[in-house]
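The block underneath contains the structure these notes are about, expressed in structure tokens.
The values are calculated or read from the model by the stated rules, or taken from the named source; none is laboratory data. What you see is a predicted model, and the numbers here were worked out from it, not measured in a lab. Cβ: placed from backbone, ideal geometry, glycine included. Neighbour counts: every protein chain shown. Side chains included, ligands, DNA and RNA excluded: accessible areas come from the protein's heavy atoms. Shrake-Rupley method; radii C 1.70, N 1.55, O 1.52, S 1.80 Å.
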Amino acid sequence: MGLHPYADRYAVHPTLPGTGVPRDQILREIEEMSAAEDAVAHEGKISGSIYSGDEDHYAFLNEVFGHFSHANVLQRDVYPSATRFEGEIIAMTADLLHAPEPVGVLTSGGTESLMNPLLVYREWGRESGITRPNVVMPETAHPALHKGAHYFDIEVRLADVTDQFVADMASVRSLVDADTVALVGSAGTYPHGLIDPIGELSDLAVERGINLHVDGCLGGFVLCWAEDLGVPAPVFDFRHPGVTSMSADTHKYGFGLKGSSVLLYRSPELRRLQYFVMPDWSGGHYASPGMSGSRSGGIIASAWAAMVSLGREGYLAIAADIFATARRIREIVGEHPELRVLGDPLFNVAFAASTGEQSGVDPIDIFHVNDALAAKRWRLNGLQHPPAVHFCVTRPNTLPGVMDRFAEDLHEAVAYAREHRGEQPRSGATYGAGGLSVPRDRVAAGMAGWLDATQALPSG
Ligand SMILES: Cc1ncc(COP(=O)(O)O)c(C=O)c1O
């Protein structure tokens, strides 16, 4: 992908066009771009990212969105419907994740749902005189937590993971001190889709009288169905008394449109610490529950519509297919001694190259496997420490025939990796500028180029 996609096909607008572009032309361009870009998603070859992929579902949500897209829910009195939607989304999610009370906020996505609790726990620490707060989390915790800690000047202490790639409790325990305001665990982790030992993290949080955030941004809305489906998964939610907050993204396995996530707190007292209120501003008394000011009612309405239209039965059916497909991926990967699955995943399967000792065969480079899969339009996600890829299963991956194609293509990809031992692979471990074809040693430079591209549009 170049830094200026479509410059060869459509007019570039580095400045506002003098005369408005006709709507039909704009719609034509939009339809062409979206059809081309969604084509791979429809083949079911993308890991994560496209969670529902059901065009009927999207059309319905877009219709709902249209009714409130212009509504600013900061003005509660004008749009009371948003209060209904938001309250019910929070209550339904609290019920699914066994929160004692429906206390939460709707945010713009996983990142905001991880940053807010960090702010809350910093403020919580301040109330008891902690001026240099730290949070302890396993190294697999999502970068948004580092971003939040960076913004709010909180020290991050990274705990090791075990050989099963979940938080190593001895390491977590060794990092906690009197300035620790919170622990973090994930259900499941982005890299390997695994559930940290939330029960043990909860025990430690209770013992130390500190907070515990469970990052269920990715897994919350799919793992919550495991128990009903008889899929063995440990308890990872508010049923553990030490869990004080939890995030789950409606825009991932909640199957809403992009731009929404739920953040739950154990108590209203904790939630209050994230409110921002300015009573004496010349513009009037200002109050907002989170980081955003104005927010679109359309996103909230469509997240609500996704939840109530699917209902328990809808979610259960999709989750059953996702768990079954993840099991199938594990079997397919297991057919190759050159590959090994990391940990014991249920919905997001990470696999790496086996070492010679593990497999008894000559080791291959996992990124050669990824190169060959990418050539067949599969889009898995590259990981590091150790080098690996993951296949985060979403609904499009569960459709008939997709796994048969994956089995064939993985077989060929392993053969390709065997043939290209010792050569430099094209792919590597990149997340955030995913899709940029940047050699492994130049990821940072590639990323900077991608970010700069917004300011460097070609003229003409
Ligand atoms: C475990 C986990 N937490 C947080 C996030 C951040 O979510 P978002 O990209 O919606 O900000 C992700 C994204 O994939 C995730 O996998």
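The range 158-202 and the range 209-260 have Cα centres spaced 16 Å apart.
The lysine pair count for the chain, using Cα distances under 21 Å and pairs eight or more places apart or on different chains, is 5.
On a per residue basis, the convex hull of the C-alpha atoms belonging to the range 1-113 measures out at 205 Å³. The Cβ shell under 11 Å around Pro396 holds other residues with a net charge of -3, Lys and Arg each +1, Asp and Glu each -1. Computed over neighbours whose Cβ is under 12 Å from that of Leu218, the net charge equals -1, Lys and Arg +1, Asp and Glu -1. Taking 0.36 nm per residue of separation and subtracting the Cα-Cα distance, what length does fully extending Arg272 through Ser292 add? Between Arg272 and Ser292, full extension yields an extra 5.6 nm.
For the range 57-184, the gyration tensor built on C-alpha atoms gives a prolate shape. Its axis ratio a/c (a ≥ b ≥ c) is at least 1.5, and a/b is the larger of a/b and b/c. Rolling a 1.4 Å probe over the heavy atoms of the protein chains gives the chain an accessible area of 46 Å² per residue. Net charge near Ile30, counting Lys/Arg +1 and Asp/Glu -1 over other residues with Cβ under 15 Å of its Cβ? Net charge in that neighbourhood comes out at -3. Ranking Ile210, Tyr416, Ile300 by Cα position along the charge dipole of the chain, where only Lys, Arg, Asp and Glu carry charges on their C-beta atoms, puts Ile300 farthest toward the positive end. Can you show me the helix-derived [θ] at 222 nm for the chain, built from DSSP H runs with n ≥ 4 at -39,500 (n - 2.57) apiece and divided by the number of residues, rounded to the nearest 500. Computed mean residue ellipticity for the chain: -13000 deg cm²/dmol. Split the accessible area of the chain by element, probe 1.4 Å, and carbon with sulfur accounts for 54%. When each of the peptides 190-198, 253-261, 315-323 is scored by how many other beta carbons lie within 10 Å of its residues on average, the order from highest to lowest is 190-198, 253-261, 315-323. Can you figure out the FRET efficiency of Glu88 with His411, using R₀ = 56 Å and their beta-carbon distance, to the nearest 0.05? Step by step, r from the Cβ atoms, then E = 0.75. Put simply, the Cα atoms of the range 212-316 extend 57, 33, 17 Å along their principal axes, the longest span coming first. Considering every alpha-carbon pair of the chain, the percent of pairs per 20 Å bin, from zero through the bin containing the longest distance, is 23, 55, 21, 1. Couplings 3J(HN,Hα) for the range 49-57, derived from phi with the Karplus relation 6.51 cos²θ - 1.76 cosθ + 1.60 (θ = phi - 60°), are 6, 9, 7, 9, x, 8, 4, 5, 4 Hz, where x marks Gly and Pro. DSSP beta bridges confined to the chain are antiparallel in about 55 percent of cases.
Of the peptides 223-231, 356-364, the order by per-residue mean of other Cβ atoms within 10 Å, starting with the highest, comes out as 223-231, 356-364. Taken over the Cα atoms of the range 66-307, the convex hull encloses 121 Å³ per residue. Of all DSSP-defined beta bridges confined to the range 116-204, some 20% are antiparallel rather than parallel.
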